[in-house]
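Quick notes on the structure that follows.
The values are calculated or read from the model by the stated rules, or taken from the named source; none is laboratory data. Since the structure is predicted, the reported quantities are computational estimates derived from the model, not experimental observations. Note that each Cβ is placed from the backbone with ideal geometry, even for glycine, and that neighbours are counted across all protein chains shown. Surface areas here come from the heavy atoms of the whole protein model, side chains and all, with no ligands, DNA or RNA. Shrake-Rupley method; radii C 1.70, N 1.55, O 1.52, S 1.80 Å.
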Amino acid sequence: MNDVILAQAAESGITGNIATIGYGIATIGPGIGIGILVGKALEGMARQPEMAGQLRTTMFLGIAFVEALALIGLVAGFIFT
């Protein structure tokens, strides 16, 4: 079955690795996470402006952790291919 699929892909000119598609899909998660994180932080700053400094610091820490997960996914993609 796989031989048939690979032969059809070779005939149609499809090349590359499925891992590139997987990483492309995996970037959706951190993108959504950062969007929610920043949105909620801005909402909190609008509700309590006196807490803006503390919320901003926490937001940047959260962004760093989410980006770290995205980079781990990128490295895992290179390691496991």
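Please go through the range 36-81 and pick out each residue that is open to solvent by less than 50 Å² (accessible area, probe 1.4 Å) and not aliphatic (A, V, I, L, M).
Gly39, Gly44, Gly53, Gly62, Gly73, Gly77
List every residue pair whose Cβ atoms sit under 6 Å apart, with the two residues 6 or more apart in sequence or on different chains, where the first one lies in the range 22-44 and is in contact (Cβ under 8 Å) with a residue 60 or more places away in the chain and the second, anywhere, is loosely packed, with under 13 Cβ neighbours inside 10 Å.
As it stands, the answer is none, since no pair meets every condition given.
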